[in-house]
Amino acid sequence: MAGCKKSRGRGKPKMKTNRGAAKRFKKTGSGKIKYSAKGHRHCLSNKSRKHKRQELKARYLTKGDAKLVARQIPYL
């Protein structure tokens, strides 16, 4: 292809996003990492109404865990 320059091997390598982590976590505007609780997919008839309602709330990772997950989702 005439006139098409490709930069091969120049610049810094890109980090890959861990796709499993990208589906489970989101970053908020303030930089916290948000996730949804487990246990709200099936077998809901055995759980109390209060427990099911509390499982719907968003949760946030602690500082130590957030540092590990942030490395897996660099561009989100």
Checklist entry - To the nearest 0.05, what FRET efficiency results for residue 57 and residue 18 with a Förster distance of 22 Å applied to their C-beta separation? => result 0.35
Item to check | Net dipole in debye of the chain [+1 Lys, Arg Cβ; -1 Asp, Glu Cβ; about Cα centre; nearest 20] | outcome: 100 debye
Checklist entry - In this model, which of 32/52; 47/67; 38/63; 27/50 are farther than 29 Å apart at the alpha-carbon? => result 47/67
Checklist entry - Expressed as a whole percent, how much of the Cα-Cα distance distribution for the chain exceeds 14 Å? => result 71 percent
Checklist outcome for this item: Taking Cα atoms only, helix 63-72 is inclined relative to the longest principal axis of the chain by an angle, in degrees rounded to 10, of 40 degrees
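Where a number appears in this text, it was derived from the coordinates with a stated rule and is not lab data. Keep in mind that what you see is a predicted model, and the values were worked out from it rather than measured. Glycine also receives a Cβ, built like all others from the backbone with ideal geometry; neighbour counts cover every protein chain displayed.
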